[in-house]
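Report on one structure; see the data block that follows.
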Amino acid sequence: MPLTVQPHRETLGLKDGRLLIGGEFREADETWTHHHPATGEEIGSFAVASAKDVDAAVLAARKAFDEGPWPRSRAGERIKILRRYSDLLREHADELRGLQALDNGVPLSFGQIYATSVGIAADIFDHHAGWIDKVGGQTLPPYQGGDHLAMTFREPVGVVAAILPWNAPFVLFAQKLAPALAAGCTVVVKPSEYASFCVIRMVELLIEAGLPEGVINLVTGPGNPTGEALITHPGVDKISFTGSRTVGRRIVEASAGTMKRVSLELGGKSPAIVFADAPNVGLAAMTCMGMVTMGLSGQACVAHTRALVQRDAQEEFISMAQMLAGAVTFGDPFDPAVLASPLINAKQLERVLGYIERGQEEGARLVTGGTRLDGDYASGNFVAPTIFADANNDMAIARDEIFGPVLTVVPFDDEAEAIRIANDTEYGLGAGVYTNDVRRAFRVSKALRVGMVGINGFQLEPHLPFGGYKQSGLGREGGQSAYEAYTELKTVMMPLTDEMM
Ligand code: NAD
């Protein structure tokens, strides 16, 4: 029987999505119809914010920032509201996971994995609420002459445009909104057109938590017109973006005119370096293959999609990865036995199949997968978990972010070669090192030009900085530096005698 997710629309009480501008939910002139990536069915529609709507949203955020209570509120008040919001997220976790399954087809089973769950989003809000009464400036001694006081203050950066991708809406909403709101900023959030319904609900819950009018504004719609209107608006002080490198570059360009502050979380082609002395080569293979198949089907920025495997360990690695590939299940995202998602849209499906073809043309060995699923899955964008072996680092499948269920295995002989191959990329988001030799583990971690290294495993947590070197982005999310990225630093000085006047 062909797949359908229609009954879940009723159960979840899905409504058409509206904009939120200055505390008021509004329709727009145009709407976007969302089709489900697993079934192709029409799920619902939401407002497409025009340039005029975006202008109204930015002006509302501007007014709330320039005149409203939020940036001036006491630390205790902001902490209370953000903690109330964390509680609301936890109470609504099942509903939000269901909405996400209708949006991007991520199965309920994966919605429970901590790194991308509603639970981590709630913890991120709690984490940043904790900074509110702790981050401050400094008092500095005079450098030369005179008796004076010098101090610094941290102040909210202003109006923030938060632009989200579709693949991990809970955690990425929280990584942007939590520090921005904690610091006292006001926000215009734009979810991806492929994951809007769950974000709309997250915004409604922020209102329920008690955020004052205009502090949070929501504009739904695609990159054009909605995203473009937001990134070029002179009333925006900071853009916080997660998504592709192409759009990241456009944002840097667009921000130059008014010197907007910019934080970017972009793509990756993260290496996992598996030495023959790894404590468990099979487990390393399961981790890499799990990252490129389970849950998001490899549509994850930090997935270790390039497995650099020491030659002696190759066969063991590949056979375990292959075994996991065979265990991945697809289908109705609401079925608890389903473990992986479809690709998000037809364009992405074509792109992934194109890379698989290119890998074969370039001479890599296709171990398993490589095809689109048919039969009951034919109306969805499903691709079988795919492994390429005997690849080299010059091949497109080893260089480009494919964003699909494709693991590229590149053999190496020694540590120096592994480091050279790992760093031979334009990206620098994450990496894995698998070895039993603790000194080697740290030597290699230090040599890698990446933002995050997992030694014999990988875990994302709310308080850990997250982000990349090189073309994987600018700045970090998570932790104190993320909070500070939503502030400006002001220096105030005052002579204590007439001598310096
Ligand atoms: P995308 O760049 O296509 O879209 C991201 C967002 O930008 C969407 O909301 C989209 O509507 C918007 N957008 C598109 N064009 C725009 C424009 N001209 N102006 C303003 N906004 C515009 O990315 P995607 O397909 O949603 O997500 C996949 C990408 O995100 C991958 O490259 C992945 O690696 C990256 N990603 C990175 C991280 C990270 O933390 N480093 C996390 C998740 C995803």
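The values are calculated or read from the model by the stated rules, or taken from the named source; none is laboratory data. Note that the structure is a prediction, hence the values are computed from the model and not measured. As a convention, Cβ positions derive from the backbone with ideal geometry for all residues, glycine included, and neighbour counts pool all protein chains shown. Accessible surface is based on the protein model in full, side chains and every heavy atom, while ligands, DNA and RNA are left aside. Shrake-Rupley method; radii C 1.70, N 1.55, O 1.52, S 1.80 Å.
Work out the charge dipole of the chain with +1 on the Cβ of Lys and Arg and -1 on the Cβ of Asp and Glu about the Cα centre, then indicate which of Ala276, Thr386, Thr368 is farthest towards its positive end. Going by the charge dipole, the pick is Ala276.
Across region 362-376, in residue order, what do the Karplus-derived ³J(HN,Hα) couplings come to in whole Hz, using 6.51 cos²θ - 1.76 cosθ + 1.60 with θ = phi - 60° and x for Gly and Pro? Ordered by residue, 3J(HN,Hα) equals 7, x, 6, 8, 7, 7, 7, x, x, 10, 7, 7, 10, x, 4 Hz. Of the peptides 151-158, 131-138, 400-407, the ranking by mean beta-carbon count within 10 Å, highest at the top, reads 400-407, 151-158, 131-138. Annotation: amide H-H contacts under 5 Å for Gly295 (H modelled 1.01 Å from N, sequence separation of 5 or more, or interchain): Ala340, Ser341.
Please work out whether region 17-112 counts as rounded, prolate or oblate from its C-alpha gyration tensor, where a ≥ b ≥ c are the square roots of the eigenvalues and a/c under 1.5 means rounded, while otherwise a/b larger than b/c means prolate and anything else oblate? It comes out oblate by the Cα gyration axes. Express the Stokes-Einstein translational diffusion coefficient of region 342-451 in µm² s⁻¹, to the nearest whole number, given a Kirkwood radius over alpha-carbon pairs, 25 °C and a viscosity of 0.890 mPa s. Calculated translational D: 159 µm²/s.
Given their separation in residues at 0.36 nm each and the Cα-Cα distance between them, Glu488 and Arg249 gain 83.7 nm when the chain is fully extended. Extension gain for Asp390 to Leu283 (0.36 nm times residue separation, less C-alpha to C-alpha distance): 36.5 nm. If r is the Cβ-Cβ distance from Arg440 to Glu27 and R0 is 60 Å, what FRET efficiency results, to the nearest 0.05? Here the calculated transfer efficiency is 0.50. Tilt of helix 75-91 relative to the longest C-alpha principal axis of the chain, in degrees (0 to 90, nearest 10)? Roughly 30 degrees between the two axes.
Here the gap between Asp94 and Arg449, fully extended at 0.36 nm per residue and compared with their Cα-Cα distance, gives a gain of 124.0 nm. Between the beta carbons of Ile113 and Met259, assuming R0 = 35 Å, the FRET efficiency works out to 0.35 to the nearest 0.05. Comparing the chain with the 2.2 N^0.38 Å rule of thumb, its C-alpha radius of gyration ratio is 1.02 (two decimals).
A viscosity of 1.567 mPa s and a temperature of 4 °C, combined with the Kirkwood radius over Cα pairs in Stokes-Einstein, give a translational diffusion coefficient for region 216-345 of 73 µm²/s. Helix 314-327 and the longest principal axis of the Cα set of the chain meet at an angle near 80°.
Taking a 32 Å limit on the Cα-Cα distance, which of the listed pairs Lys470/Lys490; Lys63/Lys470; Lys134/Lys260; Lys446/Lys490; Lys52/Lys490; Lys134/Lys190 fall beyond it?
Over 32 Å apart, Cα to Cα: Lys63/Lys470; Lys446/Lys490; Lys52/Lys490.
Enter the angle in degrees (range 0 to 90, nearest 10) between the Cα long axis of helix 281-293 and the first principal axis of the Cα atoms of the chain, meaning the one along which they spread out most. That works out to roughly 70 degrees.
With a probe of 1.4 Å, find how much accessible area region 172-275 has per residue, and write the answer as a whole number in Å².
25
Where Rh is the Kirkwood radius over the Cα pairs of region 130-275, the temperature 4 °C and the viscosity 1.567 mPa s, what D in µm²/s does Stokes-Einstein return?
Translational D for this selection: 76 µm²/s.
Close amide H contacts of Leu429 (hydrogens built in the peptide plane, cut-off under 5 Å, sequence separation of 5 or more or a different chain): Lys269, Gly451, Tyr469.
For region 22-35, putting each phi into the Karplus relation 6.51 cos²θ - 1.76 cosθ + 1.60 with θ = phi - 60° gives couplings of x, x, 10, 7, 9, 7, 10, 5, 10, 10, 10, 9, 8, 9 Hz, in residue order, rounded to whole numbers and with x for Gly and Pro.
A cut-off of 5 Å between modelled amide H atoms, ignoring neighbours fewer than 5 places along the same chain, links Thr305 with Ser270. Using R0 = 22 Å, the C-beta based FRET efficiency linking Gln459 and Ala337 works out to 0.30. Put Met286, Met323 in order of accessible area, highest first, and with a 1.4 Å probe you get Met323, Met286.
Scalar couplings 3J(HN,Hα) for region 489-495, obtained by applying the Karplus form with A = 6.51, B = -1.76, C = 1.60 to θ = phi - 60°, are 10, 10, 9, 10, 10, 8, x Hz; x denotes Gly and Pro. Applying the criteria of a DSSP loop state and at most 14 other Cβ atoms within 10 Å to the trypsin sites (Lys or Arg not before Pro) of region 43-93 yields Arg74.
Taking the 1.4 Å solvent-accessible surface of the chain as the whole, the part contributed by carbon and sulfur is 52%. Distance from the alpha carbon centroid of region 60-104 to that of region 4-42 works out to 21 angstrom.
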